[in-house]
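**Student:** Dropping the structure in here first, questions after.
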Amino acid sequence: MADTEKKRVIRSKDERKAEIDKKIQYHKDCIKALEEKKANLDKPTTRGNRAKGIKRMISEAKLSDEETAKALGMSLDELKEKLAQAAAKK
């Protein structure tokens with residue numbers, strides 16, 4: 001009967017400390033991930049959806065340069081200048 005009884009496992013102090021250290025590291029990693037998410041909330045995201053939409057509309061409508069400038073409310077020279085400035089920024 002003594003052979004079938006379950007004996008209590010006693011772990012050493014080093015084993016218990018190692019387990020606690022493992023848990024502490026896990027929670028530090030979780031905190032770091034949450035802090036990164038919090039910092040990313042303050043950063044603005046730019047997607048450029050409007051620019052893609054305008055390019056798509058112009059190409060689908062097959063407008064001439066003059067018609068495009070008129071639709072945007074500027075002269076052809078102003079449109080060319082804006083496009084040149086935008087190309088220079090990239």
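The values are calculated or read from the model by the stated rules, or taken from the named source; none is laboratory data. Predicted model, so just to flag it, every value in this text is computed and none were measured. So basically every Cβ, Gly included, is an ideal-geometry build from the backbone, and we count neighbours across all protein chains shown.
**Student:** Out of all the residues in region 69-86, which are within 29 Å of the chain's Cα centre (by Cα) and more than 14 Å from K55 (Cα to Cα)?
**Tutor:** Matches in region 69-86: Q85 only.
**Student:** For A33, work out the one condition from (1) at pLDDT 80 or above; (2) in contact with a Lys or Arg (Cβ under 9 Å, 6 or more places away or on another chain) it doesn't fulfil.
**Tutor:** Here A33 clears every test but (2).
**Student:** Also, quick follow-up: Residue under question is A39, and the condition is that it be hydrophobic (A, V, I, L, M, F, W, C), outside any loop (DSSP other than H, G, I, E, B) and at pLDDT 90 or above; does it hold?
**Tutor:** In short, yes.
**Student:** Related question: Could you please find all residues in region 65-77 being exposed (fewer than 11 other Cβ atoms within 10 Å of the Cβ) and at negative phi?
**Tutor:** D77
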